[in-house]
Amino acid sequence: MFDEDELFTSYMDSLILGVDLRNSGNLDAAEKHLLRAAMLDINEWQPFFELGVLYSERGNQAKASSLFSQAFTKSPGEMEVIRALLSSCVASKDLAHFVQIVDQSNIQSEDGLKLLTVYYQLMDYVNTYHLRYAGNTYEILRRNSRGWQLISEVVAEIAGCLSNNTPYAFIRLGDGEGTWLHHSSKDEMRFNALYSRNRDEFWDIWYGEASAHHRGAFYSQMSMLAGCLGEADLIGVPPDTWIDHEFSIGSMRGIPGTLNVVRMLEQTDLSSTALCTQLMHYELGESIDFFDLLSSLDKIGIISCHPEIVDIVKYKFGIQEVVYLPIPGEPSRLALLGNNSIQGEHFPSAFIATLDHIKSINWGGMLCLVGGGILGKQYCIQIKRQGGIAIDIGSIMDKWNNKKTRPDF
């Protein structure tokens with residue numbers, strides 16, 4: 001099983017090498033070294049935990065859960081292990097095992113106890129809003145909306161709006177929007193710890209801890225945005241495969257983040273709105289028909305943190321004039337966005353300034369490509385109100401600018 005040289009490696013060397021190999025995608029070699037680490041020190045919890053992560057990446061959640069349980073037995077106070085094991089319980093909806101872990105865990109910190117509260121609410125959430133509920137709600141959305149659109153229908157409708165000078169807005173709602181957009185007060189109270197924890201995570205990604213004092217105003221803005229979703233002509237929603245995946249791994253952020261989009265839209269008047277996959281921007285970014293449509297235009301608008309995108313789009317599509325509205329990029333992605341990206345505070349100062357900028361432009365019949373994160377949804381709706389045609393193309397403009405802000409770029 002092991003080469004001669006490997007037989008003389010230490011516990012720590014085997015553990016580190018196994019983790020490095022796993023993180024680089026070489027799961028078979030990683031498993032061999034992590035198993036060796038487990039053999040070298042049978043009392044250590046970490047090899048079993050790292051093997052559990054490996055099996056989770058392979059999609060074998062049952063084996064992963066078994067390994068997490070072994071790690072927990074050896075060290076019932078390790079928060080990494082407790083989190084992984086509780087996520088496994090959530091995925092399998094095993095309430096009895098969940099309670100057993102909570103009872104046996106040796107948590108000695110306030111943050112750890114808060115985390116248990118979050119997981120308790122997550123277990124409550126998945127027992128209330130399960131996959132069968134998600135499937136039934138999808139069918140309700142299809143019946144209550146203009147239906148489900150594929151890429152060809154999306155491009156054709158955009159082309160028709162351009163030909164007829166018809167205002168139009170396409171927005172996409174993912175797990176970030178599902179996390180932050182306001183739900184009923186009853187729902188907010190019931191899952192307060194869970195929602196607050198997930199909002200903390202997205203806030204730090206989008207705006208950074210330095211802007212945390214604006215969270216109250218941002219929440220109010222998200223409540224207003226939730227109330228005007230029905231103004232969009234097309235809404236991208238998380239596909240059922242995405243939701244299935246989040247449930248399969250017991251994701252604290254992904255389960256409520258994706259499913260809350262579906263729940264929210266169930267309460268929205270969708271009689272004038274069609275639906276499509278939330279990943280439609282990827283399809284638009286590969287669509288020859290959409291490229292041909294852009295190439296037929298003399299003038300467009302762009303909302304982006306990349307000043308270079310103006311020249312890129314002009315060259316790529318032969319567009320003569322671009323109305324550019326700059327916005328700050330996400331501080332957590334600065335290294336990926338590059339030093340030329342617009343920096344600064346997006347909310348509230350740049351957000352208010354951008355809305356004022358939108359209102360000052362004659363958008364009649366003009367298409368605008370929008371890459372503004374969750375605030376970009378509000379920009380799209382405002383552009384439609386001003387007579388324009390707004391497309392929430394998101395991170396595709398990062399890709400056009402050769403910025404690898406997403407793993408699959």
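What follows is calculated from the coordinates using simple rules that are stated; it is not laboratory data. Since this is a predicted model, take the numbers as computed values, not measurements. Virtual Cβ from ideal backbone geometry, glycine too; neighbours counted across all protein chains shown.
What the table shows:
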item: Theoretical ellipticity at 222 nm over the chain - DSSP helices of four or more residues, -39500 (n - 2.57) apiece, nearest 500; result: -17500 deg cm²/dmol
item: Share of alpha-carbon pairs per 5 Å distance bin for segment 1-96, given as whole %; result: 3, 15, 24, 23, 19, 9, 5, 2, 1, 0
item: Reciprocal mean inverse distance between Cα atoms of segment 42-159 - Kirkwood radius, Å; result: 16.6
item: Of Lys314/Lys403; Lys186/Lys384; Lys316/Lys384; Lys359/Lys399, those spanning more than 23 Å from alpha-carbon to alpha-carbon; result: Lys186/Lys384; Lys316/Lys384; Lys359/Lys399
item: All lysines inside 25 Å of Lys63 as judged from Cα atoms, apart from same-chain residues fewer than 8 positions distant; result: Lys32, Lys74, Lys93
item: P(r) of the chain over all Cα-Cα pairs, binned every 20 Å from zero, in whole percent; result: 24, 50, 23, 2
item: Residue of Gly371, Gly236, Gly147 that the Gaussian network model of the chain assigns the largest fluctuation, springs spanning Cα pairs under 10 Å; result: Gly147
item: Residue (of Ser152, Ser163, Ile205) at the positive-pole extreme of the chain, dipole from beta-carbon charges; result: Ser163
item: Exposed-site-free run, longest, the chain (rule: GluC sites (Glu not before Pro); DSSP loop; at most 13 other C-beta within 10 Å); result: 5-285
item: Residue (of Tyr138, Pro239, Ser66) at the positive-pole extreme of the chain, dipole from beta-carbon charges; result: Tyr138
item: Debye, to nearest 20: dipole size of the chain, +1 on Lys, Arg Cβ, -1 on Asp, Glu Cβ; result: 1200
item: Residue among Gly376, Gly135, Gly250 with the largest mean-square fluctuation in a Gaussian network model of the chain, springs linking Cα atoms under 10 Å; result: Gly135
